[in-house]
Amino acid sequence: MESALKAAENRHSCEQVDVIACAATYAYHLCMAHAFIDGNKRVAAAVSETFLLINGWQLNLDNAQLVDMFLKIADGALLRDAIEDAFRGCAVLIGG
């Protein structure tokens, strides 16, 4: 769990990535870390969305689309860069 949480911080520090990239990093690493017996995808989605909201962004996805995305992450069909691309395609500035 700790390494999954640190991954976004490390990317921001070392690669100077933006909020969207950090959110995608949280999504991928928390989903794949299997830190919990159950609920890894839900935790990853909640953390990613909360991180975006705190930073003035939101994902313009309905629940079915969000579930589909995190199922694909868990299945290995979406890797971190693909998640970042997907987030860039659906993230909108709040009030923007």
message: Here are the criteria: (1) modelled with pLDDT of 95 or more; (2) assigned to a helix (DSSP H, G or I); (3) in contact with a helix residue (DSSP H, G or I) (Cβ under 6 Å, 6 or more places away or on another chain). Tell me which single one A46 does not satisfy.
response: (3)
task: List the number of the failed condition for A46; all other conditions in (1) surrounded by 14 or more Cβ atoms within 10 Å (Cβ to Cβ); (2) within 17 Å of A91 (Cβ to Cβ); (3) of a type in the set (A, V, I, L, M) hold.
output: (1)
field: Filter result (over 14 Å from H29 (Cα atoms) and either among the basic types (K, R) or not in a helix (DSSP H, G or I) (or both)) within the stretch 55-76
entry: N55, G56, W57, Q58, L59, N60, L61, D62
task: Taking L52 as the residue in question, decide whether it is in a loop (DSSP other than H, G, I, E, B) and either among the aliphatic types (A, V, I, L, M) or at pLDDT below 95 (or both).
output: no
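The values are calculated or read from the model by the stated rules, or taken from the named source; none is laboratory data. Because the structure is a prediction, the values reported are computed rather than measured. No Cβ is skipped: glycine too gets one built from the backbone with ideal geometry, and neighbour counts run over all protein chains shown.
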